[in-house]
1. On C-alpha positions alone, give me the angle between the axis of helix 66-75 and the longest principal axis of the chain, in degrees, nearest 10.
2. What nm distance separates the two modelled labels at Ile4 and Lys23, each placed 7 Å from Cα along Cα→Cβ?
3. Over region 13-165, what is the mean sequence separation of C-alpha contacts under 8 Å (at least six apart), divided by residue count, expressed as relative contact order in percent?
4. Mind checking which aspartates and glutamates have their Cα closer than 19 Å to the Cα of Lys120? Skip sequence neighbours fewer than 8 apart in that chain.
5. With N set to the number of residues, divide the alpha-carbon radius of gyration of region 35-180 by 2.2 N^0.38 Å and report two decimals.
6. Excluding same-chain residues fewer than 8 positions from Lys76, which lysines have a Cα within less than 19 Å of its Cα?
7. Can you list the residues, at least 5 places off or on another chain, whose amide H is less than 5 Å from the amide H of Ile153, using H built in the peptide plane?
8. Please build a GNM for the chain, connecting alpha carbons under 10 Å apart, and tell me which residue among Tyr45, Tyr146, Tyr32 fluctuates the most.
Amino acid sequence: MQVIGVHNNGGLRKGTFIVPARKLHPGNDLSYDQLALVETFAIGYHAVQRGNPQPGETVLVIGAGPIGLACLEFLKLMEGVKVIVMDMVQGRLDFCAKHLGITNGVLAKADGSHLADLEKLTDGNLCDVIIDATGSPRSMSTCFEYAAFTGRIVYVGITTSDLTFAHAPVFHRRELTLLASRNALPSDFPAIINLIREGKINTDVWITHRITFNEVPEKFAQFTDPNLGAIKAIIEVQ
């Protein structure tokens with residue numbers, strides 16, 4: 001897989017792109033704002049598909065940044081699935097409750113005492129599927145503790161660090177399954193476009209900031225500051 005602008009240069013080049021027709025996913029009836037979010041949603045959609053939640057199961061999403069929120073968008077549409085979100089920032093949990101209707105939030109604490117809160121929410125059963133969207137080596141190494149027996153853990157967040165975790169007491173004893181989720185499949189895109197078209201995903205709450213193309217050199221860096229509260233920023237090109 002080669003992504004233009006990531007693995008290959010050319011993301012801002014002038015000229016014509018020639019690609020196979022199967023790589024194009026029509027969405028001409030969607031707004032530019034909506035279309036700009038489809039690829040973001042695809043990362044979360046694919047991660048959810050990897051975890052494959054079933055009715056009656058409990059799913060925990062760790063990290064309520066853009067990738068975690070994308071996972072939550074599709075989980076909340078699944079009938080019979082209980083969804084819980086965990087984050088270290090209360091404001092993000094509040095966002096999930098207000099805009100996504102996900103009120104089962106767990107505030108992660110450095111001392112690990114939030115495990116008791118999770119046990120209370122799940123009646124001591126913990127979670128059948130865990131999607132870690134943090135990219136934090138610490139979270140990715142300890143998230144096994146939140147899993148029920150025969151649970152599935154999905155890594156969608158990325159780290160370049162080595163990960164270490166205790167094998168026998170948790171991972172082996174509970175017969176857990178560890179999955180990785182990278183990017184998305186071609187079939188994911190038309191499914192997401194249809195959900196937006198049907199109004200099942202409200203894209204308005206996602207775009208929290210806008211800047212013009214000329215403002216990029218001056219204002220782009222501000223979006224790396226978590227205190228800004230940006231979910232997605234749009235660069236408007238006239």
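1. On a 0 to 90 degree scale, this one is about 70.
2. With each label point 7 Å from Cα toward Cβ, the separation is 0.7 nm.
3. Computed over region 13-165, the figure is 21 percent.
4. Cα-Cα hits under 19 Å: Glu57, Asp87, Asp111, Asp128, Glu145.
5. So the Cα radius of gyration is 0.96 times the expected 2.2 N^0.38 Å.
6. Lys98, Lys200
7. Ile130, Thr177, Leu178, Leu179
8. It is Tyr32.
Here, each number is a calculation from the coordinates, and none is a lab measurement. Everything numeric in this text was worked out from a predicted model, so none of it was measured. Using ideal geometry, Cβ is built from the backbone for each residue, glycine included, and neighbour counts are taken over all protein chains shown.
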